[in-house]
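Report on one structure; see the data block that follows.
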Amino acid sequence: MEDLLTALDKVLAERKNASPDSSYVASLNAEGLNKILEKVGEEATEVILAAKDAAENGDSEALVNEVADLWFHTMVMLAHLDLDHTHVLNVLDARMGLSGLAEKAARKGHNVASEDA
């Protein structure tokens, strides 16, 4: 699956500065970060609604499709900001083996130190 993410990163980077008429991704990038963020928010809302539906009816197909849309638009956002999936995976890898509570506390301690500086 890493190959799939790498291939998607490559396509997103190529389409970042392409003509807006050439692809959906190029049109999002041409409209700017706010439009991309709007799409990420819209997709996040759709994930929440689909998760509630899946919990009620046991059908997770719509949820999985909405999560795929959210991941895609999040990757568009990362590419727009000259980042890619490896940045996110490196953070997740560093968190492996940590208690979620310990990791969250460490981030809060880091944020407090950053705010004091």
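The values are calculated or read from the model by the stated rules, or taken from the named source; none is laboratory data. Predicted, not measured: the structure shown is a model, and the values here were computed from it. Here the Cβ positions follow ideal geometry from the backbone for every residue, glycine too, while neighbour counts run over all protein chains shown. We work out accessible area using only protein heavy atoms, side chains counted, and drop any ligands, DNA or RNA first. Shrake-Rupley method; radii C 1.70, N 1.55, O 1.52, S 1.80 Å.
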So for R0 = 30 Å, FRET eff. of SER60-ALA13 from the Cβ-Cβ r, to 0.05, ends up at 0.45
Considering only protein heavy atoms and a probe of 1.4 Å, how much of the accessible area of the chain is carbon and sulfur, as a whole percent?
58
Putting +1 on Lys and Arg Cβ atoms and -1 on Asp and Glu Cβ atoms, find which of VAL91, SER27, ALA44 reaches farthest to the positive end of the dipole of the chain.
VAL91
So what's the convex hull volume per residue for the Cα atoms of the chain, in Å³?
159
Surface accessible to a 1.4 Å probe, per residue, for the residues of the chain, Å²:
69
For the cross-link pairs LYS10/LYS39; LYS10/LYS104; LYS10/LYS108, which exceed 26 Å when the distance is taken from alpha carbon to alpha carbon?
LYS10/LYS104; LYS10/LYS108
Please list, in order along the stretch 67-79, the HN-Hα scalar couplings obtained from phi with the Karplus expression 6.51 cos²θ - 1.76 cosθ + 1.60 (θ = phi - 60°), rounded to whole Hz, x for Gly and Pro.
5, 4, 4, 5, 4, 4, 5, 5, 5, 4, 4, 4, 4
